[in-house]
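*Asks:* This structure is in structure tokens; I'll ask about it shortly.
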Amino acid sequence: MKNTLGAALTLTLFGESHGPYIGAVIDGLAPGLDVNEEDVRHALDMRRPSGKISTKRREPDNFTVTSGVFRGKTTGTPLCIIIKNENAISGDYEYGPARPGHADYTAHVKYHGFEDFRGGGHFSGRVTAAIVAVCAIVRSALKKKGVYVGTHISNLCSIRDRGFADPIADIELLYNRQFPTLMEEAEEQMKSAAERCAELGDSLGGVLETVIVGVPAGAGEPFFGTFEGEMAKAVFSVPAVKGVSFGLGFDFANVFGSEANDELHYENGEVVFDKNNNGGVNGGITNGAPILFKTVIKPTPSIFKPQKTVDFVKEETIIHTIRGRHDPMIVHRAAAVVDALAAFTVADILTVRYGDDWLYSE
Ligand SMILES: Cc1cc2nc3c(=O)[nH]c(=O)nc-3n(C[C@H](O)[C@H](O)[C@H](O)COP(=O)(O)O)c2cc1C
């Protein structure tokens, strides 16, 4: 399906960057889940642009829960949140010149010229605010079930953050970090690299690392509904994501089987893995270890340097310099979106396994 994700739980997304509203609907949520608007506000704050390394388009993200909630709890019927777009400058966008790396040209081909191109339209990072808003409710419900999700910036160019050490403590540490690194030095270095790059009119990409703790062994539907496949599908829907890998990922190519394998043993009757190179998944099924995956976010396509492209209205090759307000890097803001979709997907997979009311706890 095009703008709907999920099986037992579904997430449907709508809206455009410069339309009146963006929004999302989650269907299949168990009744009785707490809906705390503060959680939604906090999640939106984590995604909100700030400082010199983010777009100057600052939206207050005023949202309304339009359905699916009664007396502060989910009803079990479709839950919809809409968010007003209040700070759009549509005059900055011209129809015809295709920004290299953006979806202007591909959207034009697919939608035959009827697409709302203002601010990137449906392909704008702006639309991801609605994902973050509805998934905040799922994330809180997961927490009550002992399932925690967190994402940090693993590296920006050659500047590295430390990896997860004590995942639950690290997730707690990341909770209020709008620039989600585990080490403050990494934040300072990454921000100053991004600021230098922005002064040159250019942009930077980076790698996010996500951990999900508390997922029981046995979830995932091989062959075609594997845990990795479903998660990757969700994460690949985030604009600017160009790769997702689990555990050692592409580094599996550089080690022997004897290093790659995660040895296991019994400890007080429980199966325990000595290490977690497989990112918590074997055969597409969770093994009970923390889920670990990485996501690469490309540099923001809209940069302020002249570039060769096409004007698909005039049908000519041009040298184009863009206008508008853009993020010199997307990585830190995308972390909140990856967290949101990771929470949604794990809740969906666990609802498939344990039934419609699984997410509800007394
Ligand atoms: C939170 C977020 C903010 C983004 N901000 C911008 C932006 O300011 N300028 C831009 O050109 N792209 C931005 N993007 C990325 C584009 O939407 C994306 O690169 C484009 O739709 C093309 O899709 P693709 O990169 O997945 O191929 C942002 C993405 C996200 C997730």
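*Asks:* Mind ordering 218-227, 112-121, 18-27 by average Cβ neighbours within 10 Å, highest first?
*Replies:* 18-27, 112-121, 218-227
*Asks:* Let me ask something else about it. Which lysines have a Cα lying under 24 Å from the Cα of K191, excluding residues fewer than 8 positions away in the same chain?
*Replies:* Leaving aside lysines fewer than 8 places away in the same chain, those within reach of K191 are K52, K56, K242, K294, K298, K305.
*Asks:* Right, another one. Tell me, V35, V346 in order of fewest to most beta-carbon neighbours within 10 Å?
*Replies:* Going from sparsest to densest Cβ surroundings: V35, V346.
*Asks:* In whole Å, what is the distance between the alpha-carbon centres of region 229-250 and region 301-362?
*Replies:* Using only Cα atoms to place each centre, the spacing works out to 12 Å.
*Asks:* Assuming 0.36 nm per residue, please report the length gained on full extension of the stretch N261 to D202 beyond their Cα-Cα distance.
*Replies:* Taking 0.36 nm per residue and subtracting the Cα distance, the gain is 17.1 nm.
*Asks:* Compute the length gained on full extension between V272 and S158: take 0.36 nm times their separation in residues and subtract their Cα-Cα distance, giving the result in nm to one decimal.
*Replies:* Here the answer is 37.7 nm.
*Asks:* Connecting C-alpha atoms closer than 10 Å in a GNM of the chain, tell me which of G72, G163, G32 has the biggest fluctuation.
*Replies:* G72
*Asks:* Taking region 145-232, which trypsin sites (Lys or Arg not before Pro) meet the DSSP loop condition and have no more than 14 other C-beta atoms within 10 Å?
*Replies:* The qualifying sites are R162.
*Asks:* Continuing with the same structure: Kindly give the semi-axes, whole Å and largest first, of the ellipsoid equivalent to region 4-354, taking each as the square root of 5 times a Cα gyration tensor eigenvalue.
*Replies:* For region 4-354, the semi-axes come out at 34, 25, 19 Å.
*Asks:* Here's something else I'd like to know. Kindly provide the helix-only [θ] at 222 nm of the chain, computed as the sum of -39,500 (n - 2.57) over DSSP H runs of four or more divided by all residues, to the nearest 500 deg cm²/dmol?
*Replies:* Value at 222 nm, helices only: -8500 deg cm²/dmol.
*Asks:* Between region 118-156 and region 32-108, what is the separation of their alpha carbon centroids in Å?
*Replies:* If you average the Cα positions of each part, the centres end up 10 Å apart.
*Asks:* Would you mind working out the magnitude of the charge dipole of region 4-354 relative to its Cα centre, with +1 at each Lys and Arg C-beta and -1 at each Asp and Glu C-beta, to the nearest 20 Debye?
*Replies:* Computed about the Cα centre, the dipole is about 920 debye.
*Asks:* How far apart, in nm, are two points set 7 Å out from the Cα along the Cα-to-Cβ line at R325 and at F304?
*Replies:* 1.4 nm
*Asks:* Along the Cα→Cβ direction, 7 angstrom out, place labels at A253 and F224. What is the inter-label distance in nm?
*Replies:* 2.9 nm
*Asks:* Taking the Cα-to-Cβ direction at E195 and at R41 and moving 7 Å from each Cα, how far apart do the two end points lie in nm?
*Replies:* Distance between the two pseudo-spin positions: 3.0 nm.
*Asks:* Among S361, S237, which comes first, second and so on when ranked by fewest other beta-carbon atoms within 10 Å?
*Replies:* S361, S237
*Asks:* Another question, then. At a 10 angstrom cut-off on C-beta neighbours, averaged per residue, how do the peptides 133-139, 289-295, 84-90, 201-207 rank from highest to lowest?
*Replies:* Ranking the peptides 133-139, 289-295, 84-90, 201-207 by packing returns 133-139, 289-295, 201-207, 84-90.
*Asks:* Excluding F117 itself, what net charge comes from residues whose Cβ is under 14 Å from its Cβ, given Lys and Arg +1 and Asp and Glu -1?
*Replies:* That sum, taken over residues with Cβ under 14 Å, equals -2.
*Asks:* A further question follows. How large is the direction-averaged shadow of the alpha-carbon convex hull of region 210-293, in nm²?
*Replies:* The Cα convex hull of region 210-293, projected and averaged over all directions, gives 6.1 nm².
*Asks:* Another question about this same structure. For I318 and K73, FRET efficiency with R0 = 45 Å and r from the beta-carbon atoms, rounded to 0.05?
*Replies:* After rounding to 0.05, the efficiency reads 0.25.
Read-outs: derived from the displayed coordinates by stated rules, not from any lab. Keep in mind that this is a model prediction, so the values were computed, not measured. Methodologically, a virtual Cβ is constructed for each residue, glycine included, from the backbone with ideal geometry; neighbour enumeration extends over all protein chains shown.
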